[in-house]
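**Student:** Here it is: the structure, laid out below.
The values are calculated or read from the model by the stated rules, or taken from the named source; none is laboratory data. Everything numeric here is computed off the predicted structure, so don't read it as measured data. So basically every Cβ, Gly included, is an ideal-geometry build from the backbone, and we count neighbours across all protein chains shown. Side chains are part of the model used for accessible areas, which takes the heavy atoms of the whole protein and leaves out ligands, DNA and RNA. Shrake-Rupley method; radii C 1.70, N 1.55, O 1.52, S 1.80 Å.
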Amino acid sequence: MAEYGMILVETQGRVGVIRLNRPQALNALCDRLMDELGQALLAFDADDAVGAIVLTGSEKAFAAGADIKEMRDRTYPAVYRDDWIGEKWETVLRVRKPVIAAVAGFALGGGCELAMMCDIILAAENAKFGQPEINLGVIPGAGGTQRLTRAVGKSKAMEMILTGRMMDAAEAERSNLVARVVPTGQLLDEAVKLGERIASLSAPSVAMAKEAVNVAHETTLREGVRFERRLFLSLFATEDQKEGMAAFVEKRKPNFRNA
Ligand code: CAA
């Protein structure tokens, strides 16, 4: 497995685990960390032995945002030329396997945005979400104004983004930002268990289900339903559909072969 300086990477069973590991800066998302994260995500996506990916940080911080010290002296021509944020930050959106964000501690600014780019957010009881960019004289730049609004609705998103107020885990669950809250000490185990469950299912149907749910954010209901039906029907071309339905009828466990 590749050696990285700012992330730790391992597999647990069929789950690829990426841990952001820059504790001295509360996992602030500097360019090097984002490059490494992108490489690790694509490597797990290409690895047939991996069926789901967990992205996590430390107990204190998932990530406290883009690296303010690195960013403070950037000039407009340079950030525009480099399309900074752009593709580098959005690698997670190119991953076809489900990515679970396991969030403990701070998920602020770009950290909250990174979690929202993942497919499922599991929150530890001590998690805190926020978009504090307004305090720095800027606004969210990696999708926060769009994804937070879609997740929690306009009024709460507006309040958080205009004031920089943080939301705790209980509020995040109530507001549908996260799937579930778990005890802080059990966060990684719960995320890996969830990943294992997903990885045990048929990979083509998992990938298509993920794609279809994501389309719900980007199109009309009519188009989304058409898209879903196309994918649904295409699964009848897989062996796993035959196996899954045969297993149900024969009252046994399916043996999916991802084919
Ligand atoms: N960038 C760079 N360094 C950061 C950082 C960040 N986003 N967040 C924390 N750090 C560093 C601190 O500077 C500090 O380093 P030093 O010890 O060298 O001073 C170290 O991490 C520990 O941080 P604190 O001492 O501040 O820890 P705390 O427990 O007192 O406070 C905190 C924690 C409330 C998260 C506070 O660190 C904080 O407010 N951080 C900034 C959060 C923020 O504004 N994020 C948005 C960034 S902009 C962005 O993300 C743009 C975008 O949309 C893409």
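**Student:** Are any of the residues in segment 187-201 within 23 Å of residue 11 (Cα to Cα), in contact with a Phe, Trp or Tyr (Cβ under 9 Å, 6 or more places away or on another chain) and open to solvent by less than 80 Å² (accessible area, probe 1.4 Å)?
**Tutor:** The answer is yes; a qualifying residue exists.
**Student:** From the list 208, 245, pick out the single residue that is over 30 Å from residue 130 (Cα atoms), in contact with a Leu (Cβ under 7 Å, 6 or more places away or on another chain) and either without any contact (Cβ under 8 Å) to a residue 12 or more places away in the chain or open to solvent by less than 90 Å² (accessible area, probe 1.4 Å) (or both). Let's see the steps before the verdict.
**Tutor:** Values: 245 fails: in contact with a Leu (Cβ under 7 Å, 6 or more places away or on another chain).
Answer to the check: 208.
**Student:** Looking only at residues that are within 8 Å of the ligand (Cβ to nearest atom) and surrounded by fewer than 16 Cβ atoms within 10 Å (Cβ to Cβ) in segment 129-150, which one is nearest to the chain's Cα centre (by Cα)?
**Tutor:** The qualifying residue nearest to the chain's Cα centre (by Cα) is 139.
**Student:** Now for a different question. Just need a number here: residues in segment 117-128 that are under 17 Å from residue 92 (Cβ atoms) and either crowded, with 24+ Cβ neighbours inside 10 Å or more than 15 Å from the ligand (Cβ to nearest atom) (or both).
**Tutor:** Residues flagged as under 17 Å from residue 92 (Cβ atoms) and either crowded, with 24+ Cβ neighbours inside 10 Å or more than 15 Å from the ligand (Cβ to nearest atom) (or both) within segment 117-128 amount to 5.
**Student:** Does residue 40 count as under 28 Å from residue 74 (Cβ atoms) and within 16 Å of the ligand (Cβ to nearest atom)?
**Tutor:** So residue 40 fails the test.
**Student:** Need at least 2 residues that are of a type in the set (S, T, N, Q) per element, so show me which helices (runs of 4 or more DSSP H) inside segment 124-213 make the cut, counting only ones lying wholly within it.
**Tutor:** 144-152, 154-163
**Student:** Taking the condition crowded, with 16+ Cβ neighbours inside 10 Å and in contact with a Phe, Trp or Tyr (Cβ under 7 Å, 6 or more places away or on another chain), does residue 166 pass?
**Tutor:** Answer is yes for this residue.
**Student:** For segment 214-258, enumerate the residues that are over 27 Å from the mean Cα position of the chain (by Cα) and either small (Gly, Ala, Ser) or not in a helix (DSSP H, G or I) (or both).
**Tutor:** 237, 238, 244, 246, 247, 250, 251, 252, 253, 254, 255
**Student:** Could you please find all residues in segment 45-65 being open to solvent by less than 20 Å² (accessible area, probe 1.4 Å) and within 11 Å of the ligand (Cβ to nearest atom)?
**Tutor:** Across segment 45-65, the qualifying residues are 61, 62, 63, 65.
**Student:** So is residue 10 touching a strand residue (DSSP E or B) at 6+ places or on another chain (Cβ under 7 Å), without any contact (Cβ under 8 Å) to a residue 12 or more places away in the chain and farther than 28 Å from residue 215 by Cα or not?
**Tutor:** So residue 10 passes the test.
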